[in-house]
Each structure stands twice: as C-alpha cells, then as structure tokens.
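Here's the structure we're looking at; comments come further down.
The values are calculated or read from the model by the stated rules, or taken from the named source; none is laboratory data. On a predicted model such as this, the values are computed, not experimentally measured, just so you know. With ideal geometry, Cβ positions are generated from the backbone for all residues, glycine too; neighbour counts draw on all protein chains shown.
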Amino acid sequence: MNWENVYSHAKQWVKEAGERIRQSFDQTLNIETKTNPNDLVTNIDKETEQFFIKKIKEVYPSHKILGEEGFGDQVDSLEGTVWLIDPIDGTMNFIHQQRNFAISLGVYENGVGKIGLVYDVVHDELYHAFRGKGAFLNEKPIPPLKEASVSESIIALNATWVMPNYRIDHQLLIPLVRDARGTRSYGTAALEIVFVATGRVDAYISMRLSPWDYAGSAVIVEELGGIITNLRGEKLDYLSKDSLFVAKPGLHQTILAEYLKDGKW
C-alpha cells in the first residue's frame, strides 16, 4: 500500500468535507436525538459521513470504515486497514455555536494508528500526523511535547465530573482540579486531544468516549510524545467505548499515580 497516497487523499477529503460543512451554515438543520436529548445528530453529520464513505470506497474498496453515524461497515476487528470517522465531533457545539467542532479521521493498519487528522472547520486548522513522519498544524510542524507539572497545567475536564453524577464519585477529581493551574471544557474530544498535542492544554480527561472520538487525534498526540490511555492507565481498545486520559509525558504518570489510582473507572 502507498501510505503517502492514503495520507494525501485523507487530507484532501477532509478539506473538501469541511468546505461542505461551512456552506451549510445558512441552512436550516434537521436535528434528531439519539440515545438521550443531549445526544444530537444532524443531517450534516450524516451527509458528511456518507461523503467520506463514497470517496474511500471508490479509491480503496478493500478498506473498512467505522463511522459514528453507522453508514460504514460492521467492524468487529481491526485487521487490515480501517478508517475511523467522526464526521462532526462536537455536534451540540455545531448546532448551538457553529464553532468548537471538528472532523476527526484516523486510519489504522492491524490496530496501529498510521494517519490521524483533526480538522477545525471554522478556523481552517488541520492537525495531522503520519506515524514516524511528525505532526503538523496546517503545514507547520508541531514541536515535541515537554513535561509539565500539575501546578502549571491546564486540564481539559467537563464540569459534570466534579459534581454529583451517576458514573463516578465526583470527589475523586476535585483534588486535581484544585491543584491544577486551571480547567477548560470545549465539548469536543477530538479538539481537546489535539490541544494537548499543541500545548494549548496539558491534559484531557473524559469518562466515556467511542473510538471515532479519539482515533485521529491519538495518532497526532502520540507522534509528539504524549500519552493516551484509559483512566486505569491501560491501552485503549479501538473497538469499544472507554474512559480516556491524555497528557504530556511525565504529567500523565503523575496524575495517574497521585490522583487517579483510587478511582473505580
């Protein structure tokens, strides 16, 4: 397989899909709910995923596609080449704000992330990486990540996890929030992970994400020395939902050992 061609096609298709999304801003959206009233999907999510599927299947008919909206293949193994696609990560932001959302795309070979792309459509910022070849913001190389301390870090974290909730004991993360320099929440896992890659934030924590939420950004952050696991410090399974913890080197180990070790994640 010519991976340079796959990389080139992926970047081209992501940019084309982004332009289609920008052109939709003046349209009236068809909004539906999925698992709950806050789990939203629009006609643009669906059309964007179908756009990618058409492009990929035309050029790479043997590749499998795992997409959030379910138009891809029934994927029960990461053998071969698999594209993991979230056509709009941050759909609630897309609907309410028309910003703070991204297209996320990862291409994996036998379970190993080869190519990762996250496209901030509104700001025309394409974060991308080809394993072993560096990571870039548009065409500018992103420098490798440096270690950071908790007291000098900004942690991306949803406020839900430090108030009473049904998933975890909310007291567990309060010490981390107290000791960090600050916290932020953007409502899009793909962007929050690439913000770790670029140093805009230093760590990101989420309780439950699907593989398409982080498949693209994981390739980018790992290419720069960042560490991505679940909250138990285990390697991620790209076929099932799990918690997620990504941070700069050193900081990941510190938070895991000093703040997360007692949690029932």
If you take the residues in region 161-191 that are loosely packed, with under 15 Cβ neighbours inside 10 Å and assigned to a helix (DSSP H, G or I), which one is modelled with the lowest pLDDT? His170
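One line per residue, one yes/no per condition, for (1) modelled with pLDDT of 95 or more; (2) exposed (fewer than 14 other Cβ atoms within 10 Å of the Cβ); (3) within 19 Å of Ala129 (Cβ to Cβ):
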residue	(1), (2), (3)
Thr42	no, no, no
Lys55	yes, no, no
Asp86	yes, no, yes
Thr91	no, no, no
Could you look through region 104-144, keep only residues that are touching a helix residue (DSSP H, G or I) at 6+ places or on another chain (Cβ under 7 Å) and assigned to a loop (DSSP other than H, G, I, E, B), and pick out the one that is farthest from Val82 (Cα to Cα)? Ile142
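Among the listed residues Lys248, Lys241, identify the single one that is of a type in the set (Lys, Arg) and either crowded, with 17+ Cβ neighbours inside 10 Å or in the same structural domain as Asp120 (by TED's automatic domain parsing) (or both).
Lys248
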Any residue that is assigned to a strand (DSSP E or B) and either among the hydroxyl-bearing types (Ser, Thr, Tyr) or more than 23 Å from His96 (Cβ to Cβ) (or both) - is there at least one of those in region 193-200? no
Residues to consider are Ile103, Ile95, Ile115; find the one that is modelled with pLDDT under 95, of a type in the set (A, V, I, L, M, F, W, C) and not assigned by TED's automatic domain parsing to the domain that holds Arg208. Ile95
Filter region 93-128 down to the residues that are under 17 Å from Phe195 (Cβ atoms), surrounded by fewer than 24 Cβ atoms within 10 Å (Cβ to Cβ) and polar (S, T, N, Q), then identify the one that is nearest to the chain's Cα centre (by Cα). Asn100
What number of residues within region 65-84 are exposed (fewer than 14 other Cβ atoms within 10 Å of the Cβ) and either closer than 20 Å to Gln27 by Cβ or of a type outside the set (S, T, N, Q) (or both)? 4
Scanning region 226-256 for residues that are without any contact (Cβ under 8 Å) to a residue 40 or more places away in the chain and of a type in the set (Val, Ile, Thr), which turns out nearest to Ser149 (Cα to Cα)? Ile227
Meets criteria (farther than 17 Å from Arg99 by Cβ and without any contact (Cβ under 8 Å) to a residue 24 or more places away in the chain) for Arg208: no
When you scan region 150-160, how many residues do you find that are part of a loop (DSSP other than H, G, I, E, B) and out of contact with any Lys or Arg (no Cβ under 9 Å at 6 or more places or on another chain)? 1
